């Protein structure tokens, strides 16, 4: 099917690696050429060795789940005859211990707020659209993380 690439770049510079006093700031470059400043999360690696303003892997994981779900939701809504004007999701990921006792993003909750033009789907239709979007989402199908969707504002 498709092949997706990302180049991850980091260099130590003059930092004291042996003393664990090195920056975790790095760069992601995607196959389209976009470069994103990244870092370990300041929740995991304290400042100044992380960069709070950069994207961290945990945030990116949560965003990728939300983005994939949204893209399938838009597709399913269009196929069902609905016109979506906007979609916003404040997705929340929880870092905890998984069944093996290892740290993992154990749960992601999607909180989409969707507005429509014309007919608005019923509560049952919204739930069905989100369910199907979840079933089709490549990222959701690639993880053991529990993913739930709060459909109250959809």
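FYI, it's all coordinate maths here, none of it is from the lab. The model shown is predicted, which means the values in this text are computed figures rather than measured ones. Methodologically, a virtual Cβ is constructed for each residue, glycine included, from the backbone with ideal geometry; neighbour enumeration extends over all protein chains shown.
I'd like the FRET efficiency for residue 153 and residue 36, computed as 1/(1 + (r/R0)^6) with the beta carbon distance as r and R0 of 25 Å, rounded to 0.05. Before the final figure, lay out the partial values.
Details: r = 29 Å, r/R0 = 1.14.
The value I calculate is 0.30.
What ranking do 27, 90 get, fewest neighbouring Cβ atoms within 10 angstrom at the top? All intermediate terms of the calculation are to be shown ahead of the outcome.
Numbers: 27 15, 90 11.
Neighbour counts put them in this order, fewest first: 90, 27.
Can you tell me, using C-alpha contacts under 8 Å and at least 6 residues apart, the relative contact order of segment 1-55 as a whole percent? Provide the component values of the computation, followed by the final result.
On the way: 81 pairs, mean separation 16.1, N = 55.
After rounding, I find 29 percent.
Under a plain spin-label model, where a point goes 7 Å from the Cα along Cα-to-Cβ, how far apart in nm are residue 131 and residue 74?
Going from the residue 131 label point to the residue 74 one covers 2.5 nm.
For residue 142 and residue 120, calculate 0.36 nm times their separation in residues minus their Cα-Cα distance, and state this gained length in nm to one decimal. Please report the intermediate quantities before stating the final value.
Numbers: separation 22, 0.36 × 22 = 7.92 nm, distance 3.12 nm.
Going from the current span to full extension adds 4.8 nm.
Which shape class, rounded, prolate or oblate, goes with segment 47-93 when its Cα gyration tensor gives a ≥ b ≥ c as root eigenvalues, a/c under 1.5 marks rounded, and past that a/b bigger than b/c marks prolate? Present the calculation step by step, with values, prior to reporting the outcome.
Working: a/c = 4.82, a/b = 3.33, b/c = 1.45.
Judged from the Cα gyration tensor, segment 47-93 comes out prolate (a/c at least 1.5, a/b above b/c).
Classify segment 1-55 from the C-alpha gyration tensor, please: rounded if a/c falls under 1.5, else prolate or oblate depending on whether a/b exceeds b/c. Provide the component values of the computation, followed by the final result.
Values: a/c = 2.74, a/b = 1.98, b/c = 1.38.
Cα axes put segment 1-55 in the prolate bin.
Helix 57-79 versus the longest principal axis of the chain: what is the Cα-based angle in degrees, 0 to 90, to the nearest 10?
20 degrees
In which sequence would 68, 137 go, from the one with the fewest C-beta neighbours within 10 Å to the one with the most? Before the final figure, lay out the partial values.
Numbers: 68 19, 137 22.
Least to most surrounded, the residues fall as 68, 137.
Measure off 7 Å from each Cα along the Cα-to-Cβ vector at residue 17 and residue 85, then give the distance between these two points in nanometres to one decimal.
The two pseudo-label positions are separated by 5.5 nm.
For the chain, what does -39500 (n - 2.57) per DSSP helix run (n ≥ 4), summed and divided by total residues, give at 222 nm, in deg cm²/dmol to the nearest 500? Write down the numbers at each step before the final one.
Details: 2 runs with 37 residues, N = 154.
Taking each H run of at least 4 residues, the total per residue is -8000 deg cm²/dmol.
What residues from segment 77-98 fall in the zone where the backbone N is under 16 Å from a label point 7 Å along the Cα-to-C-beta line of residue 113?
85-92
Helix 123-136 against the longest principal axis of the chain: what's the angle in degrees, Cα atoms only, rounded to the nearest 10?
That works out to roughly 50 degrees.
So for the chain, considering every pair of alpha-carbon atoms, how many percent are separated by more than 29 Å?
Numbers: 3704 of 11781 pairs.
Result for the distance tail: 31 percent.
Which order results if 75, 4 are arranged by neighbouring Cβ count within 10 Å, fewest first? Write out the running numbers ahead of the final one.
Values: 75 14, 4 8.
Least crowded to most crowded, the residues run 4, 75.
Considering only DSSP beta bridges where both residues belong to the chain, give the percentage that are antiparallel (nearest 5). Provide the component values of the computation, followed by the final result.
Numbers: 21 of 26 bridges.
Expressed as a percentage, antiparallel bridges in the chain total about 80.
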